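One structure is given below, encoded as structure tokens.
The values are calculated or read from the model by the stated rules, or taken from the named source; none is laboratory data. Note that the coordinates shown come from a computational prediction; the quantities given were computed from them, not determined experimentally. With ideal geometry, Cβ positions are generated from the backbone for all residues, glycine too; neighbour counts draw on all protein chains shown.
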Number of protein chains: 2
Amino acid sequence: MLNDRNWLITETCFDLARQNHAETIFTIGNGYLGTRGAHEERYPGEERTTFIHGVFDDVPIVFTELVNAPDWLDLNLWLGGEPFRLTEGEILVYQRQLDLRTGRLSRRVEWRSPQGMLWQLAFERFASLANPHLLCQRVTIKALENTNLEARTTLSGETDNLNYKHWDWIGQGFGQNSAWLHLRTRSSGIELGAATRLVVSGGGNLQQSAWDTRNAPTLVVTTQLKSGEIVEIEKITAFYTSRETNDPQGTARRALETVPKRAWKGLWESHARAWQREWERCDVLIEGDDRAHLAVRFSLFQLLAAAPRQDERVSIGAKALSGYGYRGHVFWDTEIFMLPFFTYTRPEIARNLLSYRYHTLEGARKKARENGYKGAQYAWESAATGEEVTPTWVPHPSDRTQLIRIWTGDIQIHISADVCYAIWQYWQATGDDDFMIHRGAEIFLDVARFWASRAEWNAETGCYEFTDVIGPDEYHDHVDNNAYTNALARWQLKTALQVLAWLESHQPQKAAQLRDQLELDENELAHWQEVAEKIYWQEDAQTGLVEQFEGYFQRKQIDLQALEPRTQSIQSLLGIEGASEANILKQPDVVMLAYLLPELFDENKLRANYEYYNARTDHTFGSSLGPAIHAIIACRVGKPEEAYEHFMRAALADLEDVRGNAHDGIHAASAGGIWQAIVFGFGGLKLGENDWNTQPCLPTHWKRLAFRLKYRGQTLEIDLFNSSGKAGEE
Amino acid sequence: MLNDRNWLITETCFDLARQNHAETIFTIGNGYLGTRGAHEERYPGEERTTFIHGVFDDVPIVFTELVNAPDWLDLNLWLGGEPFRLTEGEILVYQRQLDLRTGRLSRRVEWRSPQGMLWQLAFERFASLANPHLLCQRVTIKALENTNLEARTTLSGETDNLNYKHWDWIGQGFGQNSAWLHLRTRSSGIELGAATRLVVSGGGNLQQSAWDTRNAPTLVVTTQLKSGEIVEIEKITAFYTSRETNDPQGTARRALETVPKRAWKGLWESHARAWQREWERCDVLIEGDDRAHLAVRFSLFQLLAAAPRQDERVSIGAKALSGYGYRGHVFWDTEIFMLPFFTYTRPEIARNLLSYRYHTLEGARKKARENGYKGAQYAWESAATGEEVTPTWVPHPSDRTQLIRIWTGDIQIHISADVCYAIWQYWQATGDDDFMIHRGAEIFLDVARFWASRAEWNAETGCYEFTDVIGPDEYHDHVDNNAYTNALARWQLKTALQVLAWLESHQPQKAAQLRDQLELDENELAHWQEVAEKIYWQEDAQTGLVEQFEGYFQRKQIDLQALEPRTQSIQSLLGIEGASEANILKQPDVVMLAYLLPELFDENKLRANYEYYNARTDHTFGSSLGPAIHAIIACRVGKPEEAYEHFMRAALADLEDVRGNAHDGIHAASAGGIWQAIVFGFGGLKLGENDWNTQPCLPTHWKRLAFRLKYRGQTLEIDLFNSSGKAGEE
């Protein structure tokens, strides 16, 4: 299915004003770490950042964050005695390309130095997907006259996270052409061992030295070049942390020692093969729309680049490993938006991501306990331990005496159901009974217990209610009986009982052990059943409209059209209070529910709710999570062009920075939503217990849409053609 | 008067567990910068810090802070190939001494290396008081066998403030034996130029190299030593910032170039002379109590080390330049506690400190305006601009969802009167009419305008009131009619009218210009008079007791004795709310007033209020500002031994860390209070318009107390002897 088009993200202008956006776009990664696309040489205002999964450390206000690792890209050149910097001299050729097929970032430059010397340079880098501890760089340099060059690389422990430092120095040293550094995070005590090696080929009179500057060991090589001669510098870096080994420093040094001196070719080939295998499992083909096709592949690339393959104690944060936004914290974004891509194409990775929720159950139990509930209440923002790390207060942008209270960590409770939803979906898709028996069931039971203890009995209405919550639509907080939350809670309670029944019939011993461990008795199970049956639910029998929360229909009516064109969100325009009083949504809420639990919405009801809420949603500057979901439902109600508009809003969030915030990192949930829009929206895939079918709904200008996925041991190859304006199944 | 005893602070144990306390104690400075007493070589947990006056930069939560400059102390030795570190090998001799007479810190070490080689080392450092841009270090090294040594020094721009980085790199380079570095603060844009030079004498086969590591230029020298030979390494560093010159980098490099190659002797002699001149003006002699004597000198040393001599746009923060506590912010501590020492011994420095308040008038006007008042309201915490920088919210120590609101920046309003009180005191002591005409008067008038606009008319009581304030006693916030605040406001308004009258008779043009500039009309002046006459004031006619604020007498009675012995403050024991509801004081409030405005308290009233409030004050763990003031009033009511107890509580706050927080920096207000306790407490000095006298009250074991000060152009030499238990005047 792989074709040769639409794999390359290209930049032809060196523009410092948009360098932080470009750093996000040119992020590379291998599921162990992600590295933003800073240049080898340094520029003011850059955000040179490498995040290693799971390496969190304490920080004020946001509690914990992924730590910026030592910069493995650092490579500074002095060409004929002049420092190579694109801000000086003249740029004759500049081309930077990220090859999505292999995760290789390359840069070709022809540069005239301030003193007039001409140079041709080609830089390449990749983070090995075959051995994720190895990071590879190469630069080839050609001068057009006899001259010399010096290359310096520093392994520095002085990196910071937006000014905040996390590393303490432990030690450093040098080997043959190599340097190593040993660090420890200041609060969490995670150790990092880094080792780097520089090998130069070509040139003459090669001289090497090592600068043992504290916390910044530096390798320096100088060489003579003849006119037209090509010198090649190969730099390999190894990272290990104490999360993988008791001796990260020794392990990193040994890892480097096992790499042959001219390592590039071998490392490259195994890396490229690994990426090829990835794409064979998940590539998507769109014919007739190169822009959309490239954007889809970019989204999948970023998800694959951040996906933990060797580690089941980490998950993917809202910005993957590509920027400081949300500091690496994990939200429902992972389970509801990103996970289906992995569940259906890379179930091993999905299992790792879901196992993270199993390993952080203690954090969720602690949160429930501290809030006065039973069971497990997952953190709205989760990091190393699963404890709640949502910032509670953030500085007011203009008034120094004010702070803004962030309530999501307190009352956006639907995430505990979302986690279970993803487990269920994974189980249905993979049939991985082992996961359900040993991990999933315990989560299901402890989350059900949370819901039952959180539900409030209202004798007047005869209902169990969930008051004072935030649903997916975060413009409205402290609401009662959010439809999404209530429906997911009901689904979770019922499904938990199903899971327990299944476990009791398939693994009675495990079932007994869990009931014992959790002290689950029949009264409690009966209570779950009762709560599930009596959860508050309201819909208009005539219109089919589901009210997003109690009183939503009475919120102030705002004419969204009258506010266009906008460059900021409705919340920014109206203020937090103003947006809360209005009926505008940040993102789909009832529509989100209709996507996740389609059985609750027949065709008319789906259409009615979509039309109603779609017209009242801040699509452009509300949540980036929304557009892909709207695209799917638009397809389901037969509106492919409207779906396409939503879809492209999601697809261009990063590449074209349509929200103006891509410098903070990619929109990983949107990236996952894009895959779902392809498969379950335009592709119209329906998966049944024993069968599947597609009800495609392609935009008219798409000639072909093809994708593949795994379902219950089968590989489904779906290839849809749009002939005479109508899509058909091959 | 200078004698040879009690000048040396000595440490004979190398103890990493108390290294941060020792860093505070061994802080040296020259009024341009202060440097904590970290060792030349590095140890885990150290806080290597140099603060340069006025170099502030933005930071979360506390808004702005003094920036940790590059570390000029860095000097690492490899002795016979082994790194010199006291945590390895064996320490045979260790002695560190701060000579208060010259501000020289020295360290003598005999060390057996892990491989068994014996070394004798002597380190010295001083920050030149003669040329405050020059920082001097020397180490002499002797080996007892033929061997070699290597010395490295790095000028690093990677310093941080408790993990937070403030510097951006601009450039670096090398000269003859020297390195330079050019930095800029990230938010405030202050540039720093630093240059350092290493000169080695003795040894053989000297080799020098330079490591051009980015942001960490490093000088390396190696040399051979014969058995018994002494090698001397001299390191001179120069700092300039863009606050002093447009070209800090060039200026620092040139400053270093003008220093001769063997610079130590000349630099040392001019430096020591400068310190001698300082001590000649202000030394205090105590015979019969070496511990107290040394503590007094230590206090004066720290004040002198932080006193800006060349800069009238900075002031001394609550921890001087010796630690991160309060981040360099300036409080009333300066005017009320530290300033009298300078006013009476170094009026030129007092003028600089008061000029800082003149240059920050715009910040004070802004604060008044933003709070809805007229005139100038000084910031409770002030930094570069005079705008309010008190943190408004700080994290709760145990509950992540809670923050603690700091109210002092909003309602601790007495500081505006305190600033004027210090100006008035300075004017009375020095007769510096020029200052009053060109700076003081404007401050007085604009502050009076603030008080008049802040006063609230209460028709029921027929009084002007100040409700919702915090007085000096910060255990009680949001109180009405704090006695201290009301009395100081009344004093300020009346004195402002006096100042204006004086100005009109002595400098009618300036008076007219000010009235014009401030748009002061007769109605407003009449209003000031009326407010001053009708400010709320309550005292018990029978007992003479002044109620600290309305309702204080009804606060819950706490038996302080019953809570002894304590290791924490009453506020820590009872909680913020609990302490607020109780009648325990953090520090003197009515007693503070009795000290500043003694004319309001006759002898009986003074005694009654002292006895009453003294018994209700948290002397040990409340504010460190209190003990010195209690000592003074105890003397005035004839209780020298009780005074001594209070006094020593202040005197040992730093040296013996009696409050357990000296690692954050010295207690600069306490240091200033100690001088006042010597002069106005034990010495009993009374200054009249045309005369002065002493009513000494020496502790029985003091044999002699002597000090000198300047008053209205005279030098007063006061030498008090305690013969037969009674002090007399010479």
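Restricting attention to region A:394-412, the residues that are more than 24 Å from B:G409 (Cβ to Cβ) and not in a loop (DSSP other than H, G, I, E, B) total 4.
If you go through region B:658-682, how many residues are in a loop (DSSP other than H, G, I, E, B), closer than 16 Å to B:A295 by Cβ and modelled with pLDDT of 95 or more? Break it down stepwise before answering.
Initial filter on region B:658-682 (in a loop (DSSP other than H, G, I, E, B)): B:658-661, B:665-667.
Then keep just the ones that are closer than 16 Å to B:A295 by Cβ; that gives B:658-659, B:666-667.
Subset that is modelled with pLDDT of 95 or more: B:666-667.
Result for region B:658-682: 2.
Does B:G363 count as within 14 Å of chain A (Cβ to nearest Cβ), surrounded by fewer than 24 Cβ atoms within 10 Å (Cβ to Cβ) and touching a Ser or Thr at 6+ places or on another chain (Cβ under 7 Å)? Criteria met by B:G363.
Can you tell me which residue within region A:683-694, out of those that are assigned to a loop (DSSP other than H, G, I, E, B) and at pLDDT 95 or above, is farthest from A:T50 (Cα to Cα)? The qualifying residue farthest from A:T50 (Cα to Cα) is A:G684. When you look at B:Y613, is it farther than 22 Å from B:L698 by Cα, crowded, with 22+ Cβ neighbours inside 10 Å and hydroxyl-bearing (S, T, Y), yes or no? Spelling it out, B:Y613 is indeed farther than 22 Å from B:L698 by Cα, crowded, with 22+ Cβ neighbours inside 10 Å and hydroxyl-bearing (S, T, Y). The residues of region A:271-330 that are of a type in the set (S, T, N, Q) and surrounded by fewer than 20 Cβ atoms within 10 Å (Cβ to Cβ), listed by number, are A:Q276, A:Q310.
Looking at region B:395-410, can you tell me whether even one residue there is under 22 Å from A:R400 (Cβ atoms) and among the acidic types (D, E)? The answer is yes; a qualifying residue exists. Take the residues in region B:138-196 that are of a type in the set (D, E) and touching a Lys or Arg at 6+ places or on another chain (Cβ under 7 Å), then tell me which one is nearest to the other protein chains (Cβ to nearest Cβ). Among residues in region B:138-196 that are of a type in the set (D, E) and touching a Lys or Arg at 6+ places or on another chain (Cβ under 7 Å), the one nearest to the other protein chains (Cβ to nearest Cβ) is B:D160. Residue-level check: of (1) over 10 Å from the mean Cα position of the chain (by Cα); (2) over 21 Å from A:Q412 (Cα atoms), A:G325 misses just (2). Answer yes or no as to whether B:I576 is closer than 30 Å to B:R405 by Cα, buried (at least 21 other Cβ atoms within 10 Å of the Cβ) and among the hydrophobic types (A, V, I, L, M, F, W, C). No. The C-beta contact set for region B:67-79 (first residue in a strand (DSSP E or B), second residue among the acidic types (D, E), distance under 6 angstrom, 6+ apart or interchain) comprises B:V67/B:D57; B:N76/B:E41; B:W78/B:E150.
Does B:I443 meet the test of being outside any helix (DSSP H, G or I), surrounded by 18 or more Cβ atoms within 10 Å (Cβ to Cβ), in contact with a Lys or Arg (Cβ under 9 Å, 6 or more places away or on another chain) and more than 14 Å from chain A (Cβ to nearest Cβ)? Show your work before the answer.
Values: outside any helix (DSSP H, G or I): no; surrounded by 18 or more Cβ atoms within 10 Å (Cβ to Cβ): yes; in contact with a Lys or Arg (Cβ under 9 Å, 6 or more places away or on another chain): yes; more than 14 Å from chain A (Cβ to nearest Cβ): yes.
No: the conditions fail for B:I443.
Considered as a group, the residues in region B:501-536 that are in contact (Cβ under 8 Å) with a residue 12 or more places away in the chain and outside any helix (DSSP H, G or I) include one that is farthest from B:A487 (Cα to Cα), and that residue is B:Q507. Here region A:204-230 is the region considered, the condition is being crowded, with 22+ Cβ neighbours inside 10 Å and either more than 9 Å from chain B (Cβ to nearest Cβ) or charged (D, E, K, R) (or both), and the residue that is nearest to A:P132 (Cα to Cα) is A:L219.
Rundown of residues vs (1) closer than 27 Å to A:E46 by Cα; (2) at pLDDT 95 or above; (3) within 33 Å of the chain's Cα centre (by Cα), yes/no style:
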residue	(1), (2), (3)
B:S187	yes, yes, yes
B:I190	yes, yes, yes
B:L198	no, yes, yes
B:P248	yes, yes, yes
B:K261	no, no, no
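Annotation: A:A671 fulfils all but one of (1) under 15 Å from A:P588 (Cα atoms); (2) touching a residue at least 40 places away in the same chain (Cβ under 8 Å); the unmet one is (1).
So that you can scan it fast, the table gives a plain yes or no per residue for (1) within 13 Å of chain B (Cβ to nearest Cβ); (2) under 16 Å from A:S187 (Cα atoms); (3) in contact with a helix residue (DSSP H, G or I) (Cβ under 7 Å, 6 or more places away or on another chain):
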{"site": "A:E41", "(1), (2), (3)": "yes, no, no"}
{"site": "A:G45", "(1), (2), (3)": "yes, no, yes"}
{"site": "A:T49", "(1), (2), (3)": "no, no, no"}
{"site": "A:V55", "(1), (2), (3)": "no, yes, no"}
{"site": "A:I61", "(1), (2), (3)": "yes, yes, no"}
{"site": "A:A69", "(1), (2), (3)": "no, yes, no"}
{"site": "A:D74", "(1), (2), (3)": "yes, no, no"}
{"site": "A:G80", "(1), (2), (3)": "no, no, no"}
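Among residues of region B:302-317 that are at positive phi and in the same structural domain as B:L66 (by TED's automatic domain parsing), none has a Cβ under 6 angstrom from a residue that is assigned to a helix (DSSP H, G or I) and surrounded by fewer than 24 Cβ atoms within 10 Å (Cβ to Cβ) at a sequence gap of 6+ or on a separate chain.
Would you please name the residue that is nearest to B:F56 (Cα to Cα), looking only at residues in region B:388-433 that are hydroxyl-bearing (S, T, Y) and within 14 Å of chain A (Cβ to nearest Cβ)? Give the derivation first.
Here is the first cut: in region B:388-433, the ones hydroxyl-bearing (S, T, Y) are B:390, B:392, B:398, B:401, B:408, B:416, B:421, B:426, B:430.
With the extra rule that they be within 14 Å of chain A (Cβ to nearest Cβ), the set shrinks to B:390, B:392, B:398, B:401, B:408.
On the way: B:T390: 14, B:T392: 19, B:S398: 30, B:T401: 30, B:T408: 21 Å.
Applying the filter and picking the extreme gives B:T390.
Candidates are the residues of region B:140-163 that are more than 16 Å from B:D71 (Cβ to Cβ) and at pLDDT 95 or above; the one that is surrounded by the most Cβ atoms within 10 Å (Cβ to Cβ) is B:I141.
Going by the structure shown, is B:A22 within 18 Å of the chain's Cα centre (by Cα) and in a helix (DSSP H, G or I)? Walk me through it before giving the result.
Working: within 18 Å of the chain's Cα centre (by Cα): yes; in a helix (DSSP H, G or I): yes.
In short, yes.
Only residues that are within 14 Å of another protein chain (Cβ to nearest Cβ), over 24 Å from the mean Cα position of the chain (by Cα) and not in a helix (DSSP H, G or I) were counted across region B:366-387, and they come to 2.
Residue pairs whose Cβ atoms lie under 6 Å apart, separated by 6 or more positions or on different chains, with the first residue in region B:596-622 and charged (D, E, K, R) and the second assigned to a loop (DSSP other than H, G, I, E, B), are B:K605/B:G544; B:R607/B:V637; B:R616/B:N583; B:R616/B:I584; B:D618/B:S569; B:D618/B:I584; B:D618/B:K586.
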